[in-house]
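S.K.: Have a look at the structure that comes next, please.
Just so it is clear, none of the values below were taken in a lab; they were calculated from the coordinates. A quick note: this is a predicted structure, and the numbers were derived from the prediction, not measured. No Cβ is skipped: glycine too gets one built from the backbone with ideal geometry, and neighbour counts run over all protein chains shown.
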Amino acid sequence: MEVHHHPDLHHKKKNFKEYFLEFLMIFLAVTMGFFAESIRENISDRHKEHADINSLVKNLTEDSVNIESALQTHQANEMQIDSLMELIKTGEYKKNQQTLYRMAYQTRGSRLFEYSNTTFQLMESSGSLRLIRNDEIRNYIINYNNTINTDIRSLETRVLETEKNQAELQNNLLTDTLYPSTEDIVYNHALRTNFINRGNPIPVYNESQQAQFLKLYNLLFERNIINDYYKLEFGKLKKKNRQLVDAIRKNYDLKDN
């Protein structure tokens, strides 16, 4: 008859030192894992920050070109408006209607500022704006964006309102059939030569219409005042753009392309 020996199921009780070592090993493993994950996230955030900053600098460089273009455009518009105002003020518009129609055509409409804000919008919507460690630069970026979306856009709204009023008044005073076709303007240089279509009778303005020309003069004067403010604000924006780019390049050690 076989005799089976049952194993001793009574384990030896661990002492405090063994429990402490197990706890210490678990604690170190969890801590090291936490630090490893924190380091990984920090490296990822820094890569994201630098990628966003490089993209932002490209946008700011595009803005710089567009700001300069806007300043030149509004300077040219102001000169054309001045010419039309002088034509009305002296009464020469009654005799020289080629110039009248040309100036009236050239002063219609203007181009709005093209803001390259793709990167800022992505940073704002994704929350990556917080990754910019330098508080001064982050606040500068936000201020730059607010300047365009408030000051510049507000002035553009006023520009569009005065342009609309000018267009409506000109439509009542000038005859559309006297304007040359787009083909003549593009291919036959109608803006520099015979702007009014040949074969059309030249209108004679009565006293009521002449009074409307004085109203047009006042609208043009208002447009030039807004243009002056516009150029002033764009001068400030140009300076902010340059300062922001310089600060970013210095802080992130970026080379000036």
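S.K.: Taking the number of other C-beta atoms within 10 Å as the exposure measure, put 164, 48 in order starting with the fewest. All intermediate terms of the calculation are to be shown ahead of the outcome.
M.R.: Values: 164 11, 48 14.
Taking fewest neighbouring Cβ atoms as first place, the list is 164, 48.
S.K.: How big is the range 64-148 by Rg and Dmax over its Cα atoms, in Å?
M.R.: Rg then Dmax for the range 64-148, in Å: 21.2, 66.
S.K.: Using the number of other C-beta atoms within 10 angstrom as an exposure proxy, rank 120, 221 with the fewest first.
M.R.: Exposure proxy ranking, most exposed first: 221, 120.
S.K.: Arranged by the count of other C-beta atoms within 10 angstrom, fewest first, what order do 253, 52, 228 take?
M.R.: 253, 228, 52
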